[in-house]
Amino acid sequence: MALQCQRTIIGGASFRTFRCIWMLEELDIPYLHLPALPGSPDVLRYNPVGKIPVFVDDDGFAMYESAAINTFLGDKYREECPTLVPSPGSHLRGYYEQTISVLTTELDSQGLWIHRKHESMGDVFTHIPSAVEHARKYFNKTNRSLIQQLREGGPYLLGDEFTAADILYVHCLDWSKQIHGDTKWKDDDAVLTYLSRCKARKAYCAAKAVRKMERSTGSIQIESKI
């Protein structure tokens with residue numbers, strides 16, 4: 001599908017695309033949502049690896065990887081919301097980049113994604129029970145450090161302000177719950193309070209509504225805020 005020159009997020013909202021939809025809602029800027037599947041022509045046009053999400057800006061600039069997209073959006077639309085992504089060069093930005101790296105390369109890639117690849121997607125990537133068990137343990141190990149960070153700094157991961165790092169963390173926690181990987185944190189009051197606080201945000205509710213609409217309609221294209 002040839003896209004018109006308008007801000008577009010490509011990918012099903014049940015995937016990591018949800019993170020970017022939430023970010024766009026936090027910024028309260030117009031966007032078009034195209035809920036394509038991984039490896040589909042609309043995705044491969046911009047990402048040769050075929051993974052989602054893909055973001056296409058209103059000037060035609062395209063990029064992929066949810067954390068990179070959200071950081072780009074926070075920098076570009078700093079006037080709309082200056083606290084979602086800390087200012088470049090600041091100590092807080094360094095802390096943000098460090099936290100984002102842990103979330104993406106450790107909690108997500110080494111924990112959740114390895115688990116999914118070799119359990120629910122085992123028919124594609126081969127079933128490896130030992131890898132699944134290791135991934136579960138690695139997730140819990142990494143998550144303990146993030147919970148400690150939350151307790152020491154709170155009420156959000158970086159301190160007083162909600163940031164794009166919280167978007168990734170909430171999504172990862174929800175993902176772990178879906179695969180019954182929440183046994184080590186499901187009764188943790190600090191985590192549960194944190195999740196309730198983040199999910200009470202208007203932007204989270206709006207992103208959740210986009211995902212619900214996508215699932216109920218199965219439509220090719222959903223417009224938001226246009």
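No value in this document is a laboratory result; all are computed from the given coordinates. On a predicted model such as this, the values are computed, not experimentally measured, just so you know. All Cβ positions, glycine included, derive from the backbone under ideal geometry; neighbour counts span all protein chains shown.
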Point to revise | Principal axes of the stretch 1-135: Cα extent on each, largest first, Å | key: 48, 42, 21
Check your understanding: Across 10 Å bins from 0, what is the distribution of all Cα-Cα pair distances for the chain, in whole percents?
Key -> 8, 32, 37, 20, 3
Practice item. Would you mind putting 64-72, 122-130 in packing order, based on average other-beta-carbon counts within 10 Å, highest first? Key: 64-72, 122-130
Check your understanding: Ordered by packing density, taken as the mean number of other Cβ atoms within 10 Å over each peptide's residues, highest first, how do 136-144, 178-186, 162-170 rank?
Key -> 162-170, 136-144, 178-186
Check your understanding: When all alpha-carbon pairs of the stretch 91-200 are counted, what percent fall beyond 21 Å?
Key -> 34
Point to revise | Mean separation of Cα contacts under 8 Å (6+ apart) over length of the chain, as relative contact order % | key: 24
Practice item. Please tell me the relative contact order of the stretch 91-200 in percent, rounded to the nearest whole number, where contacts are Cα pairs under 8 Å and at least six residues apart. Key: 23
Exercise for review: Pick out, from HIS118, GLY94, SER40, the residue whose Cα sits farthest towards the positive end of the charge dipole of the chain, with +1 on the Cβ of Lys and Arg and -1 on the Cβ of Asp and Glu.
Suggested key: HIS118
